[in-house]
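Reading through the structure tokens given below for one structure.
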């Protein structure tokens, strides 16, 4: 599987996840403020998925600039 397909597949899987992946850091921060420490597992999972999303996007951007 080529890198672009892998990244696309992984990003798509995040959108179908049981836990919503925040689209932006601001969305993640807003959720964290709104829940006041409740559902820390959910918040942690959202943060992990958001980190994975931005890592995949960074790899994709870097790959596009080096071709």
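The values are calculated or read from the model by the stated rules, or taken from the named source; none is laboratory data. Note that this is a predicted model, so its numbers are computed, not measured. In this analysis, Cβ positions are derived from the backbone assuming ideal geometry, glycine residues included, and neighbour counts consider all displayed protein chains.
Tabulated results
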quantity	calculated
Near pairs, Cβ below 8 angstrom, 6+ apart or cross-chain, from region 17-35 (closer than 20 Å to residue 56 by Cα) to any residue that is at pLDDT 85 or above and assigned to a loop (DSSP other than H, G, I, E, B)	28/22
Exclusive hit being surrounded by 11 or more Cβ atoms within 10 Å (Cβ to Cβ), modelled with pLDDT of 85 or more and part of a loop (DSSP other than H, G, I, E, B), set 53, 23	23
Filtered residues of region 1-16 (kept if free of Cβ contacts under 8 Å to residues at least 24 places away in the same chain and in a helix (DSSP H, G or I))	5, 6, 8, 9, 12, 13, 15
Residue 34 being more than 16 Å from the chain's Cα centre (by Cα), loosely packed, with under 10 Cβ neighbours inside 10 Å and assigned to a helix (DSSP H, G or I)	yes
